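Written out below as structure tokens is the structure these notes cover.
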Amino acid sequence: MFCQLVFGREFFAALEREDLEITERVAAARCPICMGRLDRSDYDRKPRGALIAPEGEGVLLRFSLCCAREGCRKRATPPSLRFLGRRVYLGVVVIVAAIVAQAIEVAQAQRVTGVPARTAQRWLGWWCGPFVTTEVFVAVCARLVGVAVDALPTSIVEKLPGSLTEKVRTMVELPAPLTTITVPDGSRFLRGTT
């Protein structure tokens, strides 16, 4: 079922537009350290899409900001819907490959998704380990009753409304506050993106 999802250019263009809106909201809030003006200071990322999202590959900009005030110059990298932290793969790949690895044998999942079995296994460990200790997971559990910890991320996606693509799109937004450590309470900048 997830193996047949196609994430085309339109999907990633929409995520990029939403990342840009989030960046503009963070810039308007000013520097979290000194309240100075935040200027754009983007950097290149070359994420992998594997077989799940080849349209999302290529050199992409990770939107980022830098304080303009001399003496501060702290970086503020907003939450992202395209990237899941510092992982090399796109966020949607991390989600879908983990779900596929849960549904079928991990070795078979590698043939279907193009993500190495060890990588998918590590992601499953993250979903069922460190992820469950985050405030994001607590908020997800409050929003979606009955999420099974041992079946993450599948148990979250199954509880989301909409078509399969819409569910994955919503799931991309849920861990987005974890994609930054330089913007305190990054989740407040995500409200209204869907």
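Read-outs throughout are calculated quantities, based only on the coordinates presented, and are distinct from any laboratory measurement. Computed from a prediction, not measured in an experiment: that's the story for all the values here. Here the Cβ is made from the backbone with ideal geometry for all residues, glycine too, and neighbour counts use every protein chain on show.
Order these peptides, 5-13, 79-87, 107-115, by their mean beta-carbon neighbour count within 10 angstrom, highest first.
For the peptides 5-13, 79-87, 107-115, the packing ranking is 79-87, 107-115, 5-13.
Which semi-axes, in whole Å and largest first, does the equivalent ellipsoid of the range 104-194 have when worked out from the alpha carbon gyration tensor as the square roots of 5 times its eigenvalues?
23, 16, 14
Within the P(r) computed for the range 14-67, what percentage of the Cα pairs occupies the region above 19 Å?
38
What aspartates and glutamates could a cross-link reach from LYS167, if we take a straight Cα to Cα line under 13 Å and drop same-chain neighbours fewer than 8 places away?
Correct list for LYS167: GLU158.
Quickly estimate the mean residue ellipticity at 222 nm for the chain, helices only: each DSSP H run with n ≥ 4 gives -39500 (n - 2.57), and the total goes over all residues, rounded to 500.
-12500 deg cm²/dmol
Under the definition of Cα pairs under 8 Å and six or more residues apart, what whole-number percent is the relative contact order of the chain?
Relative CO of the chain lands at 22 percent.
Can you tell me how much longer the chain between ARG143 and ALA68 gets when fully stretched, taken as 0.36 nm per residue apart minus their C-alpha distance, in nm with one decimal?
Once the chain is fully extended between ARG143 and ALA68, it gains 23.2 nm.
Under a 5 Å amide H to amide H cut-off, with H placed in plane at 1.01 Å, what residues pair with TYR89 once short-range neighbours are removed?
Here the answer is ARG48, since their amide H atoms fall under 5 Å of that of TYR89.
Hey, got the dipole for the range 64-194? About the Cα centre, +1 on K and R Cβ, -1 on D and E Cβ, debye to the nearest 20?
So the magnitude is around 480 debye.
Translational diffusion coefficient of the range 1-95 at 20 °C, 1.002 mPa s, Stokes-Einstein with Kirkwood Rh over Cα pairs, in µm²/s as a whole number.
150
Whole-Å semi-axes of the range 2-188's equivalent ellipsoid, largest first, each the root of 5 times a Cα gyration tensor eigenvalue?
Result for the range 2-188: semi-axes of 30, 19, 14 Å.
Go through 94-103, 174-183, 143-152 and give me the packing order, highest mean Cβ count within 10 Å leading.
94-103, 174-183, 143-152
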